[in-house]
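The values are calculated or read from the model by the stated rules, or taken from the named source; none is laboratory data. This one's a predicted model, so the numbers in the text were calculated from it and none came from an experiment. Neighbour counts are summed over all protein chains in view; Cβ atoms, including those assigned to glycine, are modelled from backbone coordinates with ideal geometry. Heavy atoms of the whole protein, side chains included, go into the accessibility calculation; ligands, DNA and RNA do not. Shrake-Rupley method; radii C 1.70, N 1.55, O 1.52, S 1.80 Å.
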Amino acid sequence: MTDTIDSLCKNCLRCVQSCPGQVITKVANAEYKRLGNSYWTPDIIRRQWFQAETGRIPVSGAGYGGPFSGPGFDDMWTDMSEIVRPTRDGIHGREYINTVVDLGRSLRYLRFDAAGHVVGDAPKKIEIPIPIILKDLPLGSLSESVFLAMAEAAQAMDTFMIAPVKEWKPYLEPYKAHLIPLLTEAEIDTHGELIRGVRIIEIQLSDETAARLSRIRAAYPDVLIMVRVRLGERSGEEVLALTRAGADILHLCADRDGNVESGNGPRFVKDVVRSVHMRLVEAGCRNEITLFASGGIAMAEHVAKSIIVGADAVALDIPLLLALECRLCFRCEAGLSCPVEVENIHPEWGKSRILNLIAAWRNQLIEVLGAMGIREIRRLRGEVGRAMFFDDLERETFGRLFGKRKKRESVGN
């Protein structure tokens, strides 16, 4: 058999046109079309593979080829007006663009005593250099090698990786400064030593969480408390209650395709995060807490868009699997073997692939910030005035003529 070197093909079709016998044809690979699902499309998967392999931004040709509307993040456009001002682009060293975000609570205001000294202690805060942490993976043939690759990548980037406490093994101990154990409330009482050795813990939300936060804080005063909130109809009120109860960080989770179930049909994660953010703004306490968003974040532009609608940072899951060459065939969910044997990767190889992917995403984030004329990622949070939403434009333009849209399609399968 001769290697057809398809991996080097540039699709110029010269071979087809120049073949004297006209025996050469080219068709799309059927396996490529079967990758992923309607949300995690073959094109998205291919782009993440390229970035994980090279650390470079995919270049598709001149200009943006769309889509310009559609479900999910596609109906949101960012204001790139500053891209025509090269003296302010600042994306490759001429001007500094900061992507550092703070994790933890902030004071609503300062109080001073009669001598002019600040009263009370400042809340504990942690800085991470990029608005991204690594989330526990929702599927995949996971193994010690996969967890090690993620932990080493989190340590190299000086960010964090969420690890369910049931997966916490001795080989992860060297990385615990960059790990966030995910616990249920029942597990908090039995893992005191583990909690004292980390900087952040994450708790699954229950009906008792808000009431127990003060007791957990008293027991572990040096640890930031993050609460995982499954987004739904009551998310706005749940988040407000947890903010007032003293949580440091809230992790707003949609499903892996970014869908959120509600009584009026599925909503997309960006719309729900936006409503949660605005609920906290209306209550006057948005600046007191850090918000993470996760679910449906498939491309670098989704990081910027999640921050624009109100998140401080995002937690990635599926893109990490794609970095390890996962095909999203979902065989693992049926208990079948992984066709690329993700579980057998070398940790160093996995770490380099994840670092490449995040580096490419960070470069794209800086491109977006530079094009928007913003030099500080923290300034991007909630800047919906620098974005346009298709639904809003459609309603304002055609709503008076045609009325309200009757049904909105869900995203993904």
Seminar exercise, completed: When every residue in the range 319-331 that is over 18 Å from Ala359 (Cβ atoms) and not aromatic (Phe, Trp, Tyr) is compared, the one least open to solvent (accessible area, probe 1.4 Å) is Leu328
Seminar exercise, completed: Checked the range 13-38 for anything farther than 13 Å from Cys329 by Cα and either open to solvent by 80 Å² or more (accessible area, probe 1.4 Å) or in contact (Cβ under 8 Å) with a residue 12 or more places away in the chain (or both); matches are Leu13, Arg14, Gln17, Pro20, Gln22, Val23, Thr25, Lys26, Val27, Asn29
Exercise. Any idea how many residues of the range 238-273 are in a loop (DSSP other than H, G, I, E, B) and more than 20 Å from the chain's Cα centre (by Cα)?
Worked result: 6
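With the structure loaded, tell me whether Pro71 is modelled with pLDDT under 85, more than 26 Å from Asn356 (Cα to Cα) and within 30 Å of the chain's Cα centre (by Cα) or whether it fails that test.
Working: modelled with pLDDT under 85: yes; more than 26 Å from Asn356 (Cα to Cα): yes; within 30 Å of the chain's Cα centre (by Cα): yes.
Yes; evaluated as a whole, the condition is true for this residue.
When the range 107-139 is examined, which residues are found to be of a type in the set (A, V, I, L, M), in a loop (DSSP other than H, G, I, E, B) and touching a residue at least 60 places away in the same chain (Cβ under 8 Å)?
Of the residues in the range 107-139, the ones of a type in the set (A, V, I, L, M) are 107, 110, 114-115, 118-119, 122, 126, 128, 130, 132-134, 137, 139.
Filter once more, so that each one left must be in a loop (DSSP other than H, G, I, E, B): 107, 110, 114-115, 119, 122, 130, 137, 139.
Matches in the range 107-139: Leu107, Ile130, Leu137, Leu139.
Could you tell me whether Gly66 is modelled with pLDDT under 70, in a loop (DSSP other than H, G, I, E, B) and farther than 26 Å from Arg267 by Cα? Give the steps one after another, and end with the answer.
Details: modelled with pLDDT under 70: yes; in a loop (DSSP other than H, G, I, E, B): yes; farther than 26 Å from Arg267 by Cα: no.
For Gly66, the condition - modelled with pLDDT under 70, in a loop (DSSP other than H, G, I, E, B) and farther than 26 Å from Arg267 by Cα - is not met.
Quick one: would you say Met372 is open to solvent by less than 20 Å² (accessible area, probe 1.4 Å), out of contact with any Gly (no Cβ under 8 Å at 6 or more places or on another chain) and more than 26 Å from Pro138 (Cα to Cα)? First the steps, then the outcome.
On the way: open to solvent by less than 20 Å² (accessible area, probe 1.4 Å): yes; out of contact with any Gly (no Cβ under 8 Å at 6 or more places or on another chain): yes; more than 26 Å from Pro138 (Cα to Cα): yes.
So Met372 fits the description; yes.
Restricting to the range 219-237, count the residues that are assigned to a strand (DSSP E or B) and within 19 Å of the chain's Cα centre (by Cα).
Here is the first cut: in the range 219-237, the ones assigned to a strand (DSSP E or B) are 224-230.
Retained after the next criterion (residues that are within 19 Å of the chain's Cα centre (by Cα)): 226-230.
Counting residues in the range 219-237 that are assigned to a strand (DSSP E or B) and within 19 Å of the chain's Cα centre (by Cα) gives 5.
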For this session: Determine, yes or no, whether Asp222 is surrounded by fewer than 17 Cβ atoms within 10 Å (Cβ to Cβ) and of a type in the set (D, E, K, R).
Result: yes
Problem set entry | Enumeration of residues in the range 197-218 that are open to solvent by 70 Å² or more (accessible area, probe 1.4 Å) and out of contact with any helix residue (DSSP H, G or I) (no Cβ under 9 Å at 6 or more places or on another chain) | Asp207, Arg215, Arg217, Ala218
Problem set entry | Matching residues in the range 202-218 - criterion: being at pLDDT 90 or above and not in a helix (DSSP H, G or I) | Glu202, Ile203, Gln204, Leu205
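Identify the residue in the range 238-290 that is acidic (Asp, Glu) and buried (at least 16 other Cβ atoms within 10 Å of the Cβ) and, among all such residues, is nearest to Ala210 (Cα to Cα).
We begin by selecting, within the range 238-290, every residue acidic (Asp, Glu); these are 238, 248, 255, 257, 261, 271, 282, 288.
With buried (at least 16 other Cβ atoms within 10 Å of the Cβ) added as a condition, the list becomes 238, 248, 255, 257, 271, 288.
On the way: Glu238: 9, Asp248: 12, Asp255: 23, Asp257: 28, Asp271: 25, Glu288: 16 Å.
Filtering the range 238-290 for residues that are acidic (Asp, Glu) and buried (at least 16 other Cβ atoms within 10 Å of the Cβ), the one nearest to Ala210 (Cα to Cα) comes out as Glu238.
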Exercise. Any residue at all in the range 378-400 that is at pLDDT 95 or above, in a helix (DSSP H, G or I) and open to solvent by less than 60 Å² (accessible area, probe 1.4 Å)?
Worked result: no
Problem set entry | The lone exception for Glu233 - which of (1) more than 22 Å from Asn259 (Cα to Cα); (2) charged (D, E, K, R); (3) in contact with a Ser or Thr (Cβ under 7 Å, 6 or more places away or on another chain) it fails | (1)
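Any idea how many residues of the range 102-123 are more than 24 Å from Ala156 (Cβ to Cβ) and surrounded by 13 or more Cβ atoms within 10 Å (Cβ to Cβ)? Before you say what the answer is, go through the steps one by one.
Our first condition is that a residue be more than 24 Å from Ala156 (Cβ to Cβ); within the range 102-123, this holds for 105-123.
So of that shortlist, the ones also surrounded by 13 or more Cβ atoms within 10 Å (Cβ to Cβ) come out as 105-107, 123.
Residues that pass the stated criteria total 4.
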Exercise. So, of the residues in the range 236-263 that are touching a strand residue (DSSP E or B) at 6+ places or on another chain (Cβ under 6 Å) and small (Gly, Ala, Ser), which turns out to be farthest from Leu291 (Cα to Cα)?
Worked result: Gly258
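For the condition at pLDDT below 90, open to solvent by less than 40 Å² (accessible area, probe 1.4 Å), over 29 Å from Met388 (Cα atoms) and within 24 Å of the chain's Cα centre (by Cα), what is the one hit in Gly55, Gly140? Spell out the reasoning first.
Working: Gly55 fails: at pLDDT below 90.
So the residue among Gly55, Gly140 that is at pLDDT below 90, open to solvent by less than 40 Å² (accessible area, probe 1.4 Å), over 29 Å from Met388 (Cα atoms) and within 24 Å of the chain's Cα centre (by Cα) is Gly140.
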For this session: Check the range 326-341 and report whether any residue there is of a type in the set (A, V, I, L, M), assigned to a loop (DSSP other than H, G, I, E, B) and touching a strand residue (DSSP E or B) at 6+ places or on another chain (Cβ under 7 Å).
Result: no
